[in-house]
Amino acid sequence: MKVGKMIVLTAPSGGGKTTIKKHLLAEYDELGFSISVTTRKIRPTETDGKDYYFKSAEEFRTLIDNDAFLEWEEVYIDQFYGTLKSEVDRLWAIGKHIVFDVDVHGAKRIKKMYGDKCLSIFIRPPSVQVIIERLKGRKTETAESLAKRVKRVEKEMSFEHEFDKVLINDLLSVAFKEAENLVESFLEIYSSSEEE
Ligand code: ADP
Ligand code: 5GP
């Protein structure tokens, strides 16, 4: 099996991980997404087995007992998220470099495990207020789940210095370009525009 590289995207909730991840996956065939397991409820915009593997708390516990996780975290009270070891094997077996979308603690753990093979990117929106507005605009959260997320934002923002790169997510087109630059340089991809 050819062992690839890893790109870990992390940010507070509403920071733009999903948006930037989807852009990168659409742009680069070389990348594959590590589908995490979660016990939270599926959103109308999501597909089981594509965005996440949605499981019950009991199923999640069994996966922990079976040592199936590379890392896992109770990101919110009673809401568990975890990266499966089998996702790494699956994606490397098909020759992909792996993109992870995980919280700051998961990102630190994966970076620690894989060192130079792994690029950790902290996505920083312009302010906490902007994150709150974007989360409200996403219309995926109830008042309760929005409050849970907002409560964690400031703490998560304080982690930015612990990652390899900080990507400012203000104007989306600029953030996309910057994400492309980071990926191309890490994976040593030379785009056709540079060859012209
Ligand atoms: P995360 O996955 O980190 O929780 P999302 O990618 O879902 O964050 O982004 C939260 C919301 O903000 C989404 O509705 C997304 O469309 C929007 N969004 C993300 N980046 C920007 C941006 N640069 N400008 C405006 N809206 C954005
Ligand atoms: P959401 O519920 O908004 O999809 O995700 C909530 C938080 O959980 C986000 O910060 C997201 O990155 C994080 N997350 C998603 N999957 C994993 C995972 O496998 N491990 C860890 N540690 N965090 C995850």
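The values are calculated or read from the model by the stated rules, or taken from the named source; none is laboratory data. Fair warning: this is a prediction, and the values are worked out from it, not measured in the lab. Here the Cβ positions follow ideal geometry from the backbone for every residue, glycine too, while neighbour counts run over all protein chains shown.
Here is a yes/no grid of residues against (1) buried (at least 22 other Cβ atoms within 10 Å of the Cβ); (2) modelled with pLDDT of 95 or more; (3) not small (G, A, S):
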position: T10; (1), (2), (3): yes, yes, yes
position: T18; (1), (2), (3): no, yes, yes
position: A26; (1), (2), (3): no, yes, no
position: L31; (1), (2), (3): no, yes, yes
position: P44; (1), (2), (3): no, no, yes
Exercise for the section: Considering every residue within the range 72-84, establish whether at least one is away from ligand 2 (no atom under 12 Å from the Cβ) and polar (S, T, N, Q). Expected result: no
Problem - Selection status of V166, surrounded by 11 or more Cβ atoms within 10 Å (Cβ to Cβ), part of a helix (DSSP H, G or I) and modelled with pLDDT of 90 or more - result: no
Practice task
From the list E46, E58, pick out the single residue that is more than 14 Å from the chain's Cα centre (by Cα) and either small (G, A, S) or farther than 28 Å from K5 by Cβ (or both).
Solution key: E58
Practice task
Go through (1) at pLDDT below 95; (2) within 27 Å of G4 (Cα to Cα); (3) assigned to a helix (DSSP H, G or I) one by one and return the number of the condition Y190 breaks.
Solution key: (3)
Fill in the blank from the handout: Note: among A175, A179, just one is near ligand 1 (Cβ under 10 Å from one of its atoms), modelled with pLDDT of 95 or more and either part of a helix (DSSP H, G or I) or in contact with a His (Cβ under 6 Å, 6 or more places away or on another chain) (or both), namely A175
Practice task
Within the range 114-127, track down each residue that is assigned to a helix (DSSP H, G or I) and either touching a residue at least 40 places away in the same chain (Cβ under 8 Å) or in contact with a Phe, Trp or Tyr (Cβ under 6 Å, 6 or more places away or on another chain) (or both).
Solution key: Y114, K117
Exercise for the section: Collect the residues in the range 129-155 that are in a helix (DSSP H, G or I) and surrounded by fewer than 14 Cβ atoms within 10 Å (Cβ to Cβ), keeping them in residue-number order. Expected result: Q129, E133, K136, G137, A143, E144, A147, K151, E154, K155
Handout entry: Verdict on D51 being within 9 Å of ligand 2 (Cβ to nearest atom) and charged (D, E, K, R)
Key = yes
Handout entry: Residue that is surrounded by the fewest Cβ atoms within 10 Å (Cβ to Cβ) [pool: residues in the range 57-104 that are among the polar types (S, T, N, Q) and assigned to a strand (DSSP E or B)]
Key = Q79
Exercise for the section: Could you list all residues from the range 80-109 that are within 16 Å of ligand 1 (Cβ to nearest atom) and in contact (Cβ under 8 Å) with a residue 60 or more places away in the chain? Expected result: V99, F100, D101, V102, D103, V104, G106, A107
Completion exercise
Checked the range 1-44 for anything part of a loop (DSSP other than H, G, I, E, B), away from ligand 2 (no atom under 11 Å from the Cβ) and of a type in the set (V, I, T); matches are V3
Handout entry: Of residues in the range 20-40 being touching a residue at least 12 places away in the same chain (Cβ under 8 Å) and of a type in the set (A, V, I, L, M, F, W, C), the one farthest from V166 (Cα to Cα)
Key = V37
Exercise for the section: Could you tell me which residue of the range 112-125 is surrounded by the most Cβ atoms within 10 Å (Cβ to Cβ), considering only residues that are over 21 Å from F80 (Cβ atoms) and among the basic types (K, R)? Expected result: R124
Fill in the blank from the handout: Q129 fails exactly one of (1) within 16 Å of ligand 1 (Cβ to nearest atom); (2) within 21 Å of H161 (Cβ to Cβ), namely (2)
